[in-house]
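Quick notes on the structure that follows.
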Amino acid sequence: MSDRYAVIGNPIGHTKSPLIHGLFAQECGQDMEYVAIEGPLEPSEAFANTVHDFIAPDGRGMNVTAPFKLHAFDMADERSERATLAGAVNAMKFENGRIIAENFDGVGLLRDIEVNLHQPMAGKRVLILGAGGAVRGALLPFIGARPAQLVVANRHLDKAQALIEQVDAGDSLIARGYPDLESMGAFDLVVNATSASLSGELPPVPPSVFSADGTAYELAYGKGLTPFLQLAKNAGIRNIADGVGMLVEQAAEAFAWWRGVRPQTRAVIDRLTVPLE
Ligand code: NDP
């Protein structure tokens, strides 16, 4: 029987993960099966039971998406440093009766920006909007990329402040409210990691944060020119991207972790890309 993998979420109908991992398996010649599972929302122990049922015969690993990233964190036997800081898990490996938990969202985002978009962060001023799960996952990989300054801006400033206090990154890492951004000048990279775009909203970010030769990155994907990307475009930025590359790169990280071989991502990103306009 093939090794079995899955993505678990609720709802799960929209997921691209089986397609992505199917293409990776084909390219890397891996004998594996990858399915989507709609996880139960209640009772509270039902999620863990579903995971254990999957592990029982030949389950080797799982991707985890909303709303189960915290449930997966809670049930893991071992957690990586990235997963611990994020307080959330997006990939699990089942090995010798143990559940090992990781979070590849941040490292996938960093790789998309630095490798695919050719925008190294070292020495740059970087602004990330939001202080939810995606930002928690991105924080350690972003700091590791050594930007000159990393500003985390959130509506609820206390949340951003609490987040940065968990990391020892010196003065280069700061938390700000949106009104403070007016006086902070332009950034080389502005990342929208809020969930505002999912409901067609714009985080209250002033256009002055964009610089014409900088980059604007939207984590949501497949939504065309979101209000955030439109604002960036209106401010004269040519280099704009959505999160499809992040999606594929985090999948590639999980695949390499599970199978010991890293797939190529370019063709898969191209296949999944929905033009921004
Ligand atoms: P969370 O629910 O954990 O956090 C949401 C964040 O968005 C909070 O900081 C919240 O601020 C902020 N927010 C929500 N609405 C607004 C608004 N109208 N204006 C300003 N801020 C707002 O979400 P996640 O961190 O999990 O996800 C964030 C985004 O990243 C989503 O769009 C998601 O789809 C995307 N994503 C993409 C991935 C990919 O592979 N491309 C992977 C993971 C996530 P506050 O705290 O003040 O309420």
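The values are calculated or read from the model by the stated rules, or taken from the named source; none is laboratory data. Quick caveat: nothing in here was measured; it's all calculated off a predicted structure. As a convention, Cβ positions derive from the backbone with ideal geometry for all residues, glycine included, and neighbour counts pool all protein chains shown. Just so you know, the surface numbers come from the protein's heavy atoms only, side chains and all, with ligands and any DNA or RNA stripped out. Shrake-Rupley method; radii C 1.70, N 1.55, O 1.52, S 1.80 Å.
Comparison of ASN239, ASN234 shows that the only residue that is farther than 17 Å from PRO203 by Cα and of a type in the set (S, T, N, Q) is ASN239. For the stretch 234-261, the tally of residues that are more than 8 Å from the ligand (Cβ to nearest atom) and either in contact with a strand residue (DSSP E or B) (Cβ under 6 Å, 6 or more places away or on another chain) or not in a helix (DSSP H, G or I) (or both) stands at 11. Taking the criterion of being under 18 Å from the mean Cα position of the chain (by Cα), more than 12 Å from the ligand (Cβ to nearest atom) and either surrounded by 16 or more Cβ atoms within 10 Å (Cβ to Cβ) or over 23 Å from PRO227 (Cβ atoms) (or both), would at least one residue in the stretch 97-106 satisfy it? Yes, the stretch 97-106 has at least one match.
Residue by residue, here is whether (1) among the hydrophobic types (A, V, I, L, M, F, W, C); (2) open to solvent by 20 Å² or more (accessible area, probe 1.4 Å) holds:
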residue	(1), (2)
LEU231	yes, yes
ASN234	no, yes
ILE237	yes, no
ALA241	yes, no
LEU247	yes, yes
ALA252	yes, no
ARG259	no, yes
VAL268	yes, no
ARG271	no, yes
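Going through (1) outside any helix (DSSP H, G or I); (2) under 24 Å from GLY87 (Cα atoms); (3) at pLDDT below 95; (4) not basic (Lys, Arg) one by one, LEU150 falls short only on (3).
The selection criterion, being within 15 Å of the ligand (Cβ to nearest atom), of a type in the set (Val, Ile, Thr) and within 28 Å of GLN166 (Cβ to Cβ), holds for VAL89. Considering (1) open to solvent by 10 Å² or more (accessible area, probe 1.4 Å); (2) in the same structural domain as GLY9 (by TED's automatic domain parsing); (3) within 15 Å of the chain's Cα centre (by Cα), the lone condition that VAL64 does not fulfil carries the number (1). Right, ALA83: more than 16 Å from the ligand (Cβ to nearest atom), open to solvent by less than 30 Å² (accessible area, probe 1.4 Å) and assigned to a helix (DSSP H, G or I) or not? No; evaluated as a whole, the condition is false for this residue. Would you mind stating whether ARG60 is of a type in the set (Lys, Arg) and not in a helix (DSSP H, G or I)? The answer is yes for ARG60. When LEU150, LEU181, LEU157, LEU173 are screened for being of a type in the set (A, V, I, L, M) and open to solvent by 20 Å² or more (accessible area, probe 1.4 Å), only LEU157 passes.
Based on what the data block shows, is PHE47 open to solvent by 20 Å² or more (accessible area, probe 1.4 Å), outside the structural domain of GLY133 (by TED's automatic domain parsing), part of a helix (DSSP H, G or I) and closer than 28 Å to TYR221 by Cα? No.
Of all residues assigned to the stretch 184-205, none qualifies as being within 15 Å of the ligand (Cβ to nearest atom), charged (D, E, K, R) and either within 15 Å of ALA131 (Cα to Cα) or more than 22 Å from the chain's Cα centre (by Cα) (or both).
So, of the residues in the stretch 206-229 that are open to solvent by 10 Å² or more (accessible area, probe 1.4 Å) and assigned to a helix (DSSP H, G or I), which turns out to be farthest from the ligand (Cβ to nearest atom)? Here the answer is SER208.
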